[in-house]
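What follows is a short report on a single structure.
The values are calculated or read from the model by the stated rules, or taken from the named source; none is laboratory data. As the structure is a computational prediction, the values presented were derived from the model and not from experiment. Please note: Cβ atoms are built from the backbone with ideal geometry, for glycine as well, and neighbour counts cover all protein chains shown.
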Amino acid sequence: MEAAVAMILLASILGFFVDLNGGSIDFSDRELRIVVTDLMDGDPQPYGLQGIQRNSLVMITHQGAVGIDTGDVIAFHIGTDGAPIVYRMVSSDPDHGIVTVKGDALSFTDTIPMDSVIGKVVGTSRPAGELALFVKSEYPLLASEVLAIVVLYHFITVSFEREDRRLRK
């Protein structure tokens with residue numbers, strides 16, 4: 001019974017990510033990240049991909065600046081360190097090699113070099129992000145430790161009860 005539940009859960013998770021990936025099982029040009037700020041959780045936008053709430057899981061395509069359009073949510077690096085930043089592209093100037101970006105919750109824009117663009121965000125899920133953060137937290141480890149103690153206590157108790165019955169006979 002547990003194996004069937006585990007298989008259904010695994011199939012559901014795989015189905016979710018395949019759906020997020022546009023129906024493809026090839027994830028070689030994709031990256032999953034968790035948005036840790038609420039800079040993209042602003043007013044509704046007139047674009048397909050709306051604002052992104054804090055702790056949402058996002059899927060980023062690795063395509064650089066190729067094929068990105070005004071209104072796309074893109075991921076880019078500033079410098080060489082740190083996680084990618086996710087903002088909406090406001091405009092681009094290929095002649096000067098720059099892209100203007102803005103967080104939906106911000107009132108100002110910023111300009112970045114086109115070669116710092118990783119790609120665009122093609123899907124988001126807040127529940128999946130919350131689940132990933134929970135799994136990364138200390139709570140599952142703590143729960144597994146408590147479960148191990150309970151199981152160990154049960155086996156010790158059962159062993160003593162069996163030994164006690166054996167000695168009484």
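Data for the structure
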read-out	value
Any hit, region 107-123, residues being in contact with an Asp or Glu (Cβ under 7 Å, 6 or more places away or on another chain) and not in a strand (DSSP E or B)	no
Sole residue being over 21 Å from VAL58 (Cα atoms) and acidic (Asp, Glu), chosen from GLU145, GLU130	GLU145
Within region 78-117, tally of residues that are surrounded by fewer than 17 Cβ atoms within 10 Å (Cβ to Cβ) and in contact with a Leu (Cβ under 9 Å, 6 or more places away or on another chain)	2
Filter result (basic (Lys, Arg) and touching a residue at least 40 places away in the same chain (Cβ under 8 Å)) within region 121-169	ARG126
Test set (1) of a type in the set (Val, Ile, Thr); (2) at pLDDT below 75; (3) part of a helix (DSSP H, G or I) - ILE8 fails condition number	(2)
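For (1) at pLDDT 80 or above; (2) in the same structural domain as SER125 (by TED's automatic domain parsing), each residue gets a yes or a no:
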{"position": "GLU2", "(1), (2)": "no, no"}
{"position": "PHE16", "(1), (2)": "no, no"}
{"position": "GLN45", "(1), (2)": "no, yes"}
{"position": "LEU57", "(1), (2)": "yes, yes"}
{"position": "THR80", "(1), (2)": "no, yes"}
